[in-house]
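Contents: one structure, followed by commentary.
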Amino acid sequence: MKVAIVSTGIANIASVQAAFKRLNVDSFLTADADEVRHAGHVMLPGVGAFGPGMAKLREHGLDEALQERAANDMPLMAICLGLQLLGVSSEETPGVIGLKIHSSSAHRFSEDVRVPHFGWNEVVPDEGMRFIQRGFAYFANSFRLTEAPEGWKVGWTQYDGRFPAAIERGNVLACQFHPELSGEWGLELMRRWTSC
Amino acid sequence: MGLGAYEKVDFMLTVRVIPCLDVSHGRVVKGVRFQGLRDTGDPAELAEMYEAQGADELVFLDVSATHEGRDTQLETVRRVRERVSIPITVGGGVRTADDARYLLEAGADKVAMNTAAVLRPELIREISERFGRQCAVVAVDAKHTTPDAWDVVISGGRKSTGKDALEWLTLAEELGAGEILLTSWDRDGTRSGYDLELLQAASDAVRVPIIASGGANSAAHLFEALEHGASAVLAASIFHDGDMTVRDVKTELRGLGVHVRL
């Protein structure tokens, strides 16, 4: 199998590539909508800001390709900003509409906590999750979903309050944390998803 | 409202314990006050060992980073990236957004700016806007001037800038720093504990996380830093000398009531 990593020119996907390599899973970078439509597995890494991230996806026609994958329950994994791009909108870039693959929006953490939320936080899954297990994951985020999207199972964590650390529905998994930087626990999560 | 992560209990963000590796020409070295370097090993092997011990992140500071040394530095980052699945911050010789890009492409997750950012603060904005705030670490070396003031020193501590460290932290945050790596020049290499007054003043001055650095020699020192507002604690010699593993230190911290990942 081969994982297509969506790459629209943002630099730091080396950690994702390295993680797949350690799992002995082949991966390749692409910004081609047809490749994203047809690949066995697709990874949407997300670094940067919501608005520019959506603009890049639209520029390459990747928005529709990703929406089709999700609608057809084809294996898709989104990381960090990727989870937010799958949603409706983000306070980071007001007015920009996301992929609407899930129904939640991203909001900035409150003033009560230091931002970004950097470090290892515990993830506690809803009953019956397929990919997410309890464990410590590495986060680096200033925005997060505040509510569970409708129809998705949620792995929760807590900072200024409880928030979705990861969501899954069928073969689609989206993580606010970085599984590729979450040690063995993260690699095992990626392995479960690549096996689906 | 306390902001120190250590105050939180159970099902909360853990405190980060970060070994720092000084690298020169592709090898790990350690300096006392950045002088008298000695070779203590291979960066990739040490990185793997620290991950196995439970290190939460790794920081690599290339003390020899120059234009000529860049290829060696990038090769080191690539070799480390192949071996570890925890975040890597790399500093040394980051003068432009392109320098940051090369490091991120090689496998760094964050880049640390120091002297170049002091000389040209816009560098922080450039890197933060292009790659995201979570990639932009500003490393600050601070030296006591009066009992409650610190100057920024640069070029490996050789030059004083006359800039007030707390003002610089505030500006760095405004320009887009996602995190501050704050080293006490007075304490670095002394093993006498972190500069707690500096940490408290800095954590009151900014809202981004602060990594405490310079002077750690025991879990008790790390605990003090967390009590004074640090979100993460960085140390070198206590780990490199093999006196204590990262796991030993985190176990002790847990015994003191700190929330750690073990």
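The values are calculated or read from the model by the stated rules, or taken from the named source; none is laboratory data. Computed from a predicted model, the values in this text were never measured in an experiment. Please note: Cβ atoms are built from the backbone with ideal geometry, for glycine as well, and neighbour counts cover all protein chains shown.
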If we scan the stretch A:177-193, do we find a residue that is among the hydrophobic types (A, V, I, L, M, F, W, C) and over 17 Å from A:Val25 (Cα atoms)?
-> yes
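Every residue, every condition in (1) touching a strand residue (DSSP E or B) at 6+ places or on another chain (Cβ under 8 Å); (2) of a type in the set (Ser, Thr, Tyr); (3) on the phi > 0 side of the Ramachandran plot, yes or no:
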| site | (1), (2), (3) |
| --- | --- |
| A:Phe109 | yes, no, no |
| A:Arg114 | no, no, no |
| A:His117 | yes, no, no |
| A:Gly128 | yes, no, yes |
| A:Tyr138 | yes, yes, no |
Counting only residues that are in contact (Cβ under 8 Å) with a residue 40 or more places away in the chain, under 16 Å from A:Val96 (Cα atoms) and not in a helix (DSSP H, G or I), the stretch A:32-77 contains a total of 1
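Under 28 Å from A:Ala18 (Cβ atoms), aliphatic (A, V, I, L, M) and in contact with a Pro (Cβ under 9 Å, 6 or more places away or on another chain): is that true of A:Val115 in this structure?
Values: under 28 Å from A:Ala18 (Cβ atoms): yes; aliphatic (A, V, I, L, M): yes; in contact with a Pro (Cβ under 9 Å, 6 or more places away or on another chain): yes.
Spelling it out, A:Val115 is indeed under 28 Å from A:Ala18 (Cβ atoms), aliphatic (A, V, I, L, M) and in contact with a Pro (Cβ under 9 Å, 6 or more places away or on another chain).
Can you find even one residue in the stretch B:181-191 that is over 15 Å from the mean Cα position of the chain (by Cα), surrounded by fewer than 24 Cβ atoms within 10 Å (Cβ to Cβ) and either at pLDDT 95 or above or among the hydrophobic types (A, V, I, L, M, F, W, C) (or both)? Before the answer, list the steps.
Initially, the stretch B:181-191 is screened for residues over 15 Å from the mean Cα position of the chain (by Cα), giving B:186, B:190-191.
Still in the list and also surrounded by fewer than 24 Cβ atoms within 10 Å (Cβ to Cβ): B:186, B:190-191.
Filter once more, keeping what is either at pLDDT 95 or above or among the hydrophobic types (A, V, I, L, M, F, W, C) (or both): none.
No; the residues of the stretch B:181-191 include none that is over 15 Å from the mean Cα position of the chain (by Cα), surrounded by fewer than 24 Cβ atoms within 10 Å (Cβ to Cβ) and either at pLDDT 95 or above or among the hydrophobic types (A, V, I, L, M, F, W, C) (or both).
Does A:Ala55 satisfy being within 18 Å of A:Ala71 (Cα to Cα), more than 13 Å from chain B (Cβ to nearest Cβ) and of a type outside the set (Val, Ile, Thr)? Talk me through it step by step, then tell me what you get.
Details: within 18 Å of A:Ala71 (Cα to Cα): no; more than 13 Å from chain B (Cβ to nearest Cβ): yes; of a type outside the set (Val, Ile, Thr): yes.
Judged against the criteria, A:Ala55 is not a match.
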Note on the stretch B:215-235: residues at positive phi and touching a residue at least 40 places away in the same chain (Cβ under 8 Å) are B:Gly229
Taking the stretch A:110-156 and keeping only residues that are among the aromatic types (Phe, Trp, Tyr) and over 15 Å from A:Ala78 (Cβ atoms), one is left with A:Phe118, A:Trp120, A:Phe136, A:Tyr138, A:Trp156
Output for Cβ contacts, cut-off 6 Å, separation at least six or different chains, first residue of a type in the set (S, T, N, Q) in the stretch B:191-207, second outside any loop (DSSP other than H, G, I, E, B), reads B:Ser203/B:Ile210
>> It is to be established whether one or more residues within the stretch B:195-212 are in a loop (DSSP other than H, G, I, E, B), closer than 26 Å to B:Asp109 by Cβ and more than 14 Å from chain A (Cβ to nearest Cβ).
In response: no
With criteria (1) assigned to a loop (DSSP other than H, G, I, E, B); (2) surrounded by fewer than 23 Cβ atoms within 10 Å (Cβ to Cβ), B:Arg247 comes up short on (1)
If we keep only residues of the stretch B:101-120 that are surrounded by fewer than 18 Cβ atoms within 10 Å (Cβ to Cβ) and more than 14 Å from chain A (Cβ to nearest Cβ), then the residue nearest to B:Arg70 (Cα to Cα) is B:Ala116
In the stretch A:1-35, anything away from chain B (no Cβ under 14 Å) and charged (D, E, K, R) is listed as A:Lys2, A:Asp26, A:Asp32, A:Asp34, A:Glu35
Residue under question is A:Leu76, and the condition is that it be within 12 Å of another protein chain (Cβ to nearest Cβ) and either surrounded by 22 or more Cβ atoms within 10 Å (Cβ to Cβ) or under 14 Å from the mean Cα position of the chain (by Cα) (or both); does it hold? no
A:Val88: passes all of (1) over 26 Å from A:Arg108 (Cβ atoms); (2) of a type in the set (Val, Ile, Thr); (3) surrounded by fewer than 23 Cβ atoms within 10 Å (Cβ to Cβ) but (1)
Selection over the stretch B:131-150 where residues are surrounded by fewer than 23 Cβ atoms within 10 Å (Cβ to Cβ) and touching a Phe, Trp or Tyr at 6+ places or on another chain (Cβ under 9 Å) yields a count of 2
From the option list B:Arg191, B:Arg207, B:Arg187, single residue qualifying as charged (D, E, K, R) and more than 21 Å from B:Leu61 (Cβ to Cβ) is B:Arg207
Of the residues in the stretch A:152-196, those that are within 19 Å of A:Leu99 (Cα to Cα) and touching a His at 6+ places or on another chain (Cβ under 8 Å) come to A:Trp152, A:Ile167, A:Arg169, A:Ala174
Counting only residues in the stretch B:224-244 that are buried (at least 21 other Cβ atoms within 10 Å of the Cβ) and not in a loop (DSSP other than H, G, I, E, B), the one nearest to the other protein chains (Cβ to nearest Cβ) is identified as B:Ala232
Counting only strands (runs of 3 or more DSSP E) entirely within the stretch A:83-196, those with at least 3 residues that are more than 10 Å from chain B (Cβ to nearest Cβ) are A:106-108, A:143-145, A:153-158, A:162-169, A:172-175
